[in-house]
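J.: Before I ask anything, let me first share the structure, which is written out below as structure tokens.
The values are calculated or read from the model by the stated rules, or taken from the named source; none is laboratory data. Everything quoted here is computed from the prediction, not taken from an experiment. Methodologically, a virtual Cβ is constructed for each residue, glycine included, from the backbone with ideal geometry; neighbour enumeration extends over all protein chains shown. For the accessible areas, the whole protein counts, side chains as well, though only heavy atoms, and no ligand, DNA or RNA atoms are used. Shrake-Rupley method; radii C 1.70, N 1.55, O 1.52, S 1.80 Å.
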Amino acid sequence: MKKETKSTEQITSAIASLLPQVAAVCQQDYVALIDADSVALLGKVLKKIHCRRLLEIGSGYGYSALSFLQFMLAETENIEKISITTIERLQSRWEQTSHYVSLAGAEDFICCMLGEAPEAFSYLDKSQKWDCIFMDAAMGRYGDFWLQLKDFLTPNGIFIADNINLHGVLDKLPEELPRRHRTMAKRLNAFLQMIDDDVEWQYQRYDYGEGLLIIYRCQGL
């Protein structure tokens, strides 16, 4: 039997009903969850850049992807162009994300990929560039991901890094940090310096949650 396709209104309503449940399960399972202030800010940014194609690295349980889809569906009538690809390396989290995407009836808009980010990148369709790339993964690798993906952003595209100041790594001196966090702090600072040195790009830091970074071309958002 062919599955009945849900309307935009049905999908957004289903997402709104699901998000509290997804958040509760994330907290129960100690899965990182993007905070409400960051979601609200990013909703405004996605609307401003008319985001149609979004790539997410680190699905969690699908909370952020579903939240972003709400904004994207509300912003345009041409929903056929909306596409979110979310990559998750842990099978248990990929299964949860796929489950919630299915419950929302959002399979036509959200593609859930299982795999390690660098290897998964090779399977992406790069013939159409991304309006937004959202990172919620290993912070020490953000610089590597940036170098691999920045050329696949649209002219108004943005790169977002979540949890950029986890454990206060950007605001503390190296000697103030536990030894296990010093390498991550060094890599994150090198990432920020890399952007500072690039005449094409700039960034804005926000103190929401564990820190949010939005990178955009110098002509501005």
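J.: For the chain, compute the number of Lys pairs whose alpha carbons are separated by less than 26 Å, excluding pairs fewer than 8 positions apart on the same chain.
T.: Taking the Cα cut-off of 26 Å, the pair count is 24.
J.: For the range 35-85, just the Cα atoms, rotate onto the principal axes and tell me the three extents in Å, largest first.
T.: On the principal axes, the range 35-85 reaches 28, 21, 14 Å in Cα extent.
J.: In the range 175-221, with Lys and Arg counted as +1 and Asp and Glu as -1 at Cβ, which of these residues, Trp201, Met184, Gln219, has the Cα nearest the positive end of the dipole, that is, farthest along it?
T.: Met184
J.: Here's another thing I want to ask about it. Just going by the charge dipole of the range 63-111, with Lys and Arg at +1 and Asp and Glu at -1 on Cβ, which of Leu73, Tyr63, Phe109 is farthest out on the positive end?
T.: Of the options given, the answer is Tyr63.
J.: Please compute the Kirkwood hydrodynamic radius of the range 62-160 from all pairs of different C-alpha atoms, in Å with one decimal.
T.: After inverting the pairwise mean of 1/r, the radius is 14.3 Å.
J.: Evaluate the charge dipole of the range 1-105 about its Cα centre and quote only its size in Debye, nearest 20, assuming +1 on the Cβ of each Lys and Arg and -1 on the Cβ of each Asp and Glu.
T.: On the way: 11 positive and 11 negative charges, 61 e Å.
Here the range 1-105 has a charge dipole of around 300 debye.
J.: Moving to a separate point now. Taking the simple approach of a point 7 Å from Cα along Cα-to-Cβ for both Arg182 and Gln204, what is their distance in nm?
T.: Placing both labels 7 Å along Cα→Cβ, they lie 3.5 nm apart.
J.: Let me ask something else. Fully extended, how many nm does the chain gain between Gln27 and Leu170 (0.36 nm per residue separation, minus their Cα-Cα distance)? If you can, show how the numbers build up before the last one.
T.: On the way: separation 143, 0.36 × 143 = 51.48 nm, distance 2.52 nm.
Length difference between fully extended and current span is 49.0 nm.
J.: Throw me the Rg/Rh for the range 168-214, computed over C-alpha atoms with Kirkwood Rh, two decimals.
T.: Here Rg/Rh amounts to 1.01.
J.: I need to check one value: relative contact order of the range 63-121, counting alpha carbon pairs closer than 8 Å and at least 6 residues apart, in percent. Don't jump to the answer; show the numbers that get you there.
T.: Working: 56 pairs, mean separation 23.0, N = 59.
It comes to 39 percent, rounded to a whole number.
J.: Probe of 1.4 angstrom, ligands and nucleic acids ignored: what's the accessible area per residue over the chain, in square angstrom? Don't skip to the end; give the middle numbers.
T.: Values: 11360 Å² over 221 residues.
Here the per-residue accessible area is 51 Å².
J.: If you build the Cα gyration tensor of the chain and take the root of 5 times each eigenvalue, what three semi-axes come out, in whole angstrom, biggest first?
T.: On the way: eigenvalues 163, 82, 51 Å².
Taking √(5λ) for each eigenvalue gives 29, 20, 16 Å, largest first.
J.: Here is a follow-up. With angles folded into 0 to 90 degrees, how steeply does helix 91-104 sit against the dominant principal axis of the chain? Use alpha carbons for both and round to 10.
T.: 40 degrees
J.: Please give me the summed charge of the neighbours of Cys112: other residues whose Cβ is under 13 Å from its Cβ, Lys and Arg +1, Asp and Glu -1.
T.: Working: positive: Arg89, Arg93; negative: Glu56, Glu88, Glu95, Glu107, Asp108.
Residues close to Cys112 contribute a combined charge of -3.
J.: Right, next: Percent relative contact order of the chain, based on C-alpha pairs within less than 8 angstrom and at least six residues apart?
T.: On the way: 337 pairs, mean separation 41.4, N = 221.
Relative contact order here is 19 percent.
J.: Within the range 1-83, which chymotrypsin sites (Phe, Trp or Tyr not before Pro) sit in a loop by DSSP and count at most 12 neighbouring Cβ atoms inside 10 Å? Don't jump to the answer; show the numbers that get you there.
T.: Details: sites: Tyr30, Tyr61, Tyr63, Phe68, Phe71; in loops: Tyr30, Tyr61.
Passing both the DSSP loop test and the Cβ count: Tyr30.
J.: Taking Cα atoms of the range 102-188, Rg/Rh with Kirkwood Rh, to two decimals?
T.: Details: Rg = 16.0 Å, Rh = 15.1 Å.
Ratio of gyration radius to Kirkwood radius: 1.06.
J.: Per residue of the chain, what 222 nm ellipticity follows from adding -39500 (n - 2.57) for every DSSP H run with n ≥ 4, rounded to the nearest 500? If you can, show how the numbers build up before the last one.
T.: On the way: 7 runs with 92 residues, N = 221.
That comes out to -13000 deg cm²/dmol.
J.: Hey, got the dipole for the range 109-198? About the Cα centre, +1 on K and R Cβ, -1 on D and E Cβ, debye to the nearest 20? If you can, show how the numbers build up before the last one.
T.: Numbers: 10 positive and 14 negative charges, 58 e Å.
Roughly 280 debye for the range 109-198.
J.: Now a separate question. Only Cα pairs under 8 Å and at least 6 apart count here; give the relative contact order of the range 32-152 as a rounded whole percent. Present the calculation step by step, with values, prior to reporting the outcome.
T.: On the way: 160 pairs, mean separation 36.9, N = 121.
Rounded, it is 30 percent for the range 32-152.
J.: Which value, in debye to the nearest 20, gives the size of the charge dipole of the chain about its Cα centre, when Lys and Arg are +1 and Asp and Glu are -1 at the Cβ? Walk me through the numbers on the way to the answer.
T.: Numbers: 23 positive and 30 negative charges, 31 e Å.
Dipole of the chain, to the nearest 20 debye: 140 debye.
J.: Here is a follow-up. Give me the orientation-averaged projected area of the Cα convex hull of the range 1-122, in nm², one decimal. Write out the running numbers ahead of the final one.
T.: Numbers: hull surface 32.0 nm².
If I average the Cα hull's projected area over directions, I get 8.0 nm².
J.: Could you tell me what % of all Cα pairs in the range 24-64 have separations over 12 Å?
T.: Details: 540 of 820 pairs.
The share of Cα pairs beyond 12 Å in the range 24-64 comes to 66 percent.
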